[in-house]
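**Q** I'd like to ask some things about the structure below.
The values are calculated or read from the model by the stated rules, or taken from the named source; none is laboratory data. All values derive from a computational prediction rather than experimental measurement. No Cβ is skipped: glycine too gets one built from the backbone with ideal geometry, and neighbour counts run over all protein chains shown.
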């Protein structure tokens, strides 16, 4: 597998898409039931293949990601050949700083408190773009829009 197997809950949410996926692969309802009963390893392969298709499609559409912890915030613009990161961190790790609080982030991106470091960096993908973006989501990054990224750019 390239990504990970969808959970049972994720598969249930994508039931319609999974049925379409099976149909494209020439498998109707009765045939799927037979495969599930008689060839469990084949069932797993279909689910894994479907999982990869879903994650690949999702990652191709990603334009921005963000990661937050109490003392560090980083937003990524996911270009075709590189990641552009804009971040803000509190090197002193003060108690009043909390990037997990949306109100604090809103205030900080327009008027950063003193002592916060705002930075930017760019790097080329080391592996396939979609795989790297997926790895970031597995480490806690969430898919987002460009608003916070743009606000942080203005704070530079």
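**Q** Would you mind telling me which numbered condition in (1) at pLDDT 90 or above; (2) surrounded by 14 or more Cβ atoms within 10 Å (Cβ to Cβ) residue 124 fails?
**A** Of (1) at pLDDT 90 or above; (2) surrounded by 14 or more Cβ atoms within 10 Å (Cβ to Cβ), only one is false for residue 124: (2).
**Q** Taking residue 46 and the conditions (1) without any contact (Cβ under 8 Å) to a residue 40 or more places away in the chain; (2) surrounded by fewer than 16 Cβ atoms within 10 Å (Cβ to Cβ); (3) under 23 Å from residue 6 (Cβ atoms), which numbered condition does it fall short on, given that it satisfies the others?
**A** Condition (2) is where residue 46 drops out.
**Q** Could you grab the pairs with beta carbons closer than 7 Å, sequence gap of 6+ or different chains, first residue in the range 134-151 and farther than 16 Å from residue 61 by Cβ, second one at pLDDT below 95 and surrounded by fewer than 17 Cβ atoms within 10 Å (Cβ to Cβ)?
**A** 151/110
**Q** While we're on this one: Please verify whether the range 75-85 includes one or more residues that are loosely packed, with under 11 Cβ neighbours inside 10 Å and either over 15 Å from the mean Cα position of the chain (by Cα) or more than 15 Å from residue 141 (Cα to Cα) (or both).
**A** Within the range 75-85, one or more residues are loosely packed, with under 11 Cβ neighbours inside 10 Å and either over 15 Å from the mean Cα position of the chain (by Cα) or more than 15 Å from residue 141 (Cα to Cα) (or both).
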